[in-house]
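Below is one structure; the comments refer to it alone.
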Amino acid sequence: MAKQTVRATERRLEPSFAERFIEPFTRMRTGVDHLMDELPARWSAFQFPASPVIEMAETDTLYTIDAEIPGVANGDVEIQVDHDTLIIKGEKKEKSREEHCDYVISERAYGSFERRISLPHDALTDEITAEQEAGMLRIVIPRSKDARSEKRKIEIHSKNAS
C-alpha cells in the first residue's frame with residue numbers, strides 16, 4: 001500500500017473578496033425587506049395629499065400638464081409662475097361630519113398641497129391657460145418657436161507646454 005498523506009482543510013478566517021463585496025448589499029436587502037413588510041397592504045389608506053401626481057406631455061407647439069386633484073373645488077386651487085417654475089397649490093377641505101355617528105374607517109386625506117415644476121426654456125409663461133374638471137387639472141403651456149436651445153458644444157483647447 002502506498003503511503004497517503006491526509007491534510008486537514010484549513011478553515012478560512014477572512015471572507016473572500018466576493019463575500020466582502022456582496023455582504024453590504026445583503027444587509028441592505030434584508031433591511032428593505034423588513035421595511036416593505038411593515039408598510040400597509042393597501043396604499044389607498046396611505047396617501048399623501050402634499051403633492052398631486054402629474055403627467056407632462058409635449059407637441060411641437062405646446063406642453064400639457066395633467067394633475068390629479070380629486071375632491072378639490074375649483075376655487076381651492078391656485079396656479080402661479082415664478083421665473084421658470086410653475087407652482088400648483090391648493091387645499092382639499094374636509095366636509096362637515098355627522099355629529100351623531102362614529103366613523104369606523106376613514107381613508108380620506110385632507111389638507112394643503114403644493115407642486116413645483118421646472119418649465120422648459122421655450123415655455124411661453126405669459127400665455128399659460130388652465131381648466132379643471134372631474135378631479136383633473138389641465139394646464140396648457142404654449143412653446144416659443146423662436147427660443148433657441150441652451151445646449152451647445154464647448155470646444156476644448158490643448159495647452160502646449162513650452
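The values are calculated or read from the model by the stated rules, or taken from the named source; none is laboratory data. This structure is a prediction, so every number in the text was calculated from the model and none was measured. A quick note on method: Cβ atoms are made from the backbone with ideal geometry, for glycine too, and the neighbour counts reach across all protein chains shown. To get the accessible areas, we keep the full protein, side chains included, count just its heavy atoms, and leave off ligands, DNA and RNA. Shrake-Rupley method; radii C 1.70, N 1.55, O 1.52, S 1.80 Å.
Per q in 0.22 1/Å, what log10 I(q)/I(0) does a Debye calculation on the alpha-carbon atoms of region 56-124 return?
Ignoring solvent entirely, the Cα scatterers give -1.03.
Around GLY31, with a cut-off of 14 angstrom between Cβ atoms, what is the net charge of the other residues, counting Lys and Arg +1 and Asp and Glu -1?
-2
Give me the accessible area of ASP126, 1.4 Å probe, in Å² rounded to the nearest 10.
We get 150 Å² for ASP126.
So which aspartates and glutamates can LYS89 reach, going by Cα to Cα under 20 Å and dropping same-chain residues fewer than 8 places off?
Counting by Cα, and skipping residues close in sequence, LYS89 has these aspartates and glutamates nearby: GLU55, ASP66, GLU68, ASP76, GLU78, GLU114, ASP126, GLU127, GLU131, GLU133.
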